[in-house]
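The values are calculated or read from the model by the stated rules, or taken from the named source; none is laboratory data. Being a predicted model, the structure only gives us computed values, none of them experimental. Neighbour counts run over all protein chains shown; Cβ positions are idealised from the backbone, glycine included. Side chains included, ligands, DNA and RNA excluded: accessible areas come from the protein's heavy atoms. Shrake-Rupley method; radii C 1.70, N 1.55, O 1.52, S 1.80 Å.
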Amino acid sequence: MKLFSKNVVSALVFGASMSALVGKETVSAEEATAANEELEGMGITGAALINSASYEEMSEKAGRVDAAESAQAAADKKMLELEANNTKLTNDLATETARADKNAKLPGAEATTPARQDGKSDVDEPATADANEKLVAELHAKMLGS
């Protein structure tokens, strides 16, 4: 009897759209949509069929989303580190500014004794006009290559 053959039983269980998918290598989006409508008609709402092209597209998109989420997590971590460093540096600046303000109100260092005595030059030999002219003439000749 043909009533209990595999095709009749699967048609009774699956429906026409679902049975059309049996043994197919590729499934179009329209065929998957029709099969999903049959599943919903049978009260199956927790599962759905998709074709392999849609599955591959969603898998690639999921990979990109995972990469973006990882990058965002790394950026968030770096931002927290930078905010902590900024807070520390701001506090350090405030501390040093307060210290500088305190030191600015203190008297300056005590005077030191200069190496030059009043009325005397700290140059060993005073240069004369003739010595300066001679030095300039020597440098000029050296520059001219003579």
Notebook entry, point to check: Given R₀ = 41 Å, FRET efficiency for L21-A84 by Cβ-Cβ distance, to 0.05?
Noted result: 0.10
Next item on the list: Quick one: order L135, L39, L144 from most to least accessible surface, probe 1.4 Å.
Entry: L144, L135, L39
Check: How much length is gained on full extension from L93 to K134, taking 0.36 nm per residue of separation minus their Cα-Cα distance?
Finding: 9.1 nm
Next item on the list: For region 83-97, just list the computed ³J(HN,Hα) in residue order, Karplus coefficients 6.51, -1.76 and 1.60, θ = phi - 60°, integers in Hz, with x standing in for Gly and Pro.
Entry: 5, 5, 5, 4, 4, 4, 5, 5, 5, 4, 4, 4, 4, 5, 5
Next item on the list: Using Cα positions and a limit of under 29 Å, work out the lysines in reach of K61, with same-chain residues fewer than 8 apart set aside.
Entry: K24, K77, K78
